1. Just the residues that are closer than 16 Å to PRO227 by Cα and either among the polar types (S, T, N, Q) or assigned to a loop (DSSP other than H, G, I, E, B) (or both), please, taken from the stretch 26-39.
2. Which residue out of HIS123, HIS161 is farther than 15 Å from GLY52 by Cα and either assigned to a loop (DSSP other than H, G, I, E, B) or hydrophobic (A, V, I, L, M, F, W, C) (or both)?
3. Of all residues in the stretch 157-201, which are of a type in the set (Gly, Ala, Ser), more than 14 Å from TYR41 (Cα to Cα) and surrounded by 12 or more Cβ atoms within 10 Å (Cβ to Cβ)?
4. Can you say whether PHE118 is within 20 Å of the chain's Cα centre (by Cα) and not basic (Lys, Arg), as far as the supplied structure shows?
5. Restricting attention to the stretch 240-280, which residues are in contact with a Phe, Trp or Tyr (Cβ under 9 Å, 6 or more places away or on another chain), in a loop (DSSP other than H, G, I, E, B) and within 24 Å of ARG101 (Cβ to Cβ)?
6. Got at least one residue in the stretch 119-129 being free of Cβ contacts under 8 Å to residues at least 40 places away in the same chain, crowded, with 20+ Cβ neighbours inside 10 Å and among the aliphatic types (A, V, I, L, M)?
7. Any idea which of HIS178, HIS198 is modelled with pLDDT under 95 and out of contact with any Gly (no Cβ under 8 Å at 6 or more places or on another chain)?
8. Kindly provide the set of residues from the stretch 54-100 that are in a loop (DSSP other than H, G, I, E, B), basic (Lys, Arg) and within 14 Å of the chain's Cα centre (by Cα), ordered by number.
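The values are calculated or read from the model by the stated rules, or taken from the named source; none is laboratory data. On a predicted model such as this, the values are computed, not experimentally measured, just so you know. As a convention, Cβ positions derive from the backbone with ideal geometry for all residues, glycine included, and neighbour counts pool all protein chains shown.
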Amino acid sequence: MRRRDVLALWLLAQGAWARAEAPPALLLARVYQSGLPLADYWVSEKYDGVRGHWDGQRLRTRGGEAITPPAWFTAGWPAMALDGELWAGRGRFAEAQSTVRQQHAGDAAWRNMRYMVFDLPTHPGRFDERLPALRAAVAAIAQPWVQAVPQRRVASHEALHALLARTVRAGGEGLMLHRGASHYQAGRSDDLIKLKTHEDAEARVLAHLPGKGQHAGRMGALLVEMPDGQRFRLGAGFSDADRAAPPPIGSWVTYRYRGVHASGLPRFASFVRVREDMPAR
């Protein structure tokens, strides 16, 4: 058997990532800024998993790819839309991503997954009204791996940052703040806020730039493009293995940074990981 045929069979066995359709219209978060009117917001943990949109019949990622869990995982789910995170636990993002991206991950892998539901996209009410409806919907599903994300009120910014510190010490990624008076509207707005101990974002890989010196003969940096169209070189944070087999052109990567320049480009950007739940282009 030729090498090309072996590779093709291997890809089939791994379960090729399903072709993406148009991405679902999702509510997206902005970054926390001091002075936010906390009395207007509910606060919850930010789960480090894969965004999962249930449209009443099937699960899809934020990028529009089909997710194919075993039939029992979504048995009895409602006809209404659900928005949540497919989560394997704190510090286990790689496991969650690996399970979700495979077409046939198997029961054992999915037994470790939870669907953490945090919104009802098609409910007409404000979040204050969607929240009890969400809890009722999850209770009606009555499956231990489907859970409503706990929401709470926080009295002050000092208490908010203390909660953030406790969450991160326990292995959590950060916090989310959801404006109680908001209706579900797709796009990025102050209706949803993320708060972390560091800033991160995603960018699409445009090119592999050759390395010099100790990195000669392998990737030195990535040329990446932000969602707003701005481009920059991402050269920090890569292991030797990453540089030998860099993220594919067209894929999306997460990078960490510390503030932005006047131009809007990130300062001290450092590679974190490939986002395999976002469609390559």
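1. LEU26, the sole residue that qualifies.
2. Working: HIS161 fails: either assigned to a loop (DSSP other than H, G, I, E, B) or hydrophobic (A, V, I, L, M, F, W, C) (or both).
The conditions single out HIS123.
3. ALA162, GLY172, GLY174, ALA186, ALA201
4. Working: within 20 Å of the chain's Cα centre (by Cα): yes; not basic (Lys, Arg): yes.
Against the criterion (within 20 Å of the chain's Cα centre (by Cα) and not basic (Lys, Arg)), PHE118 qualifies.
5. Of everything in the stretch 240-280, those that are in contact with a Phe, Trp or Tyr (Cβ under 9 Å, 6 or more places away or on another chain), in a loop (DSSP other than H, G, I, E, B) and within 24 Å of ARG101 (Cβ to Cβ) turn out to be PRO246, PRO247, GLU276, ASP277, MET278, PRO279, ALA280.
6. no
7. HIS198
8. ARG62, ARG90, ARG92
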